[in-house]
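Have a look at the structure below, then the notes.
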C-alpha cells in the first residue's frame, strides 16, 4: 500500500493565501465593527463604507496580479493609520477592534512584500540586450 504524499505549498502560494485572508479579514472587520460591534453612532455608521476600497484589490489578488500587490501595499497604510488613531483614542470595544485592524494591516503588508519578493526572485532573469 502506497501512501500518497501531497507536496508542501510553495512559499509564493502561502504568501498569496495570507494576503487574501488578511484582506478578507479587514473587510469583514470593517463591516462588523462599524455596523454591529462598536459603531460610532447607535444603529450603525456610514463609516462602514471604508471597506469599499478594500473590495477592489480582491479580484487582483485572486488572479495573482503583481501590480495589485504593489498598490495594495500602499493603500493599506490608510487602514493602519486609522487603526492606530482609533486604538489610542476610543474606549474599550472600539480600541480592541482598532488594534485588530492594525494587526491585519501589518499581516497584509508582510504578505504583499513577501509575495512580491518571492515572485521577483523566482522570475527568470532576462539578459541585458542593450550592450554598449
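The numbers here are math on the coordinates, done by the rules we state, and not lab data. These numbers were taken from a predicted model, which means no experiment stands behind them.
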Worksheet item: Using Cα atoms only, what is the angle between the long axis of helix 92-122 and the major principal axis of the chain, expressed in degrees (0 to 90) to the nearest 10?
Response: 10 degrees
Fill in: For the chain, calculated [θ]222 nm from helices alone, where every DSSP H run of n ≥ 4 adds -39500 (n - 2.57)
-23500 deg cm²/dmol
Worksheet entry | With Cα atoms, 0 to 90° folded angle of helix 66-89 axis to the chain main axis | 30 degrees
Practice prompt. For the stretch 103-120 and the stretch 12-41, write down the distance between their C-alpha centroids in whole Å.
Written response: 16 Å
Worksheet entry | Average Cα contact separation per residue, the chain, under 8 Å, 6 or more apart, as relative contact order % | 32 percent
Practice prompt. Only one of the values (i) 1.14; (ii) 1.11; (iii) 0.98 was calculated from this structure for Rg/Rh (Cα atoms, Kirkwood Rh); name its label.
Written response: (i)
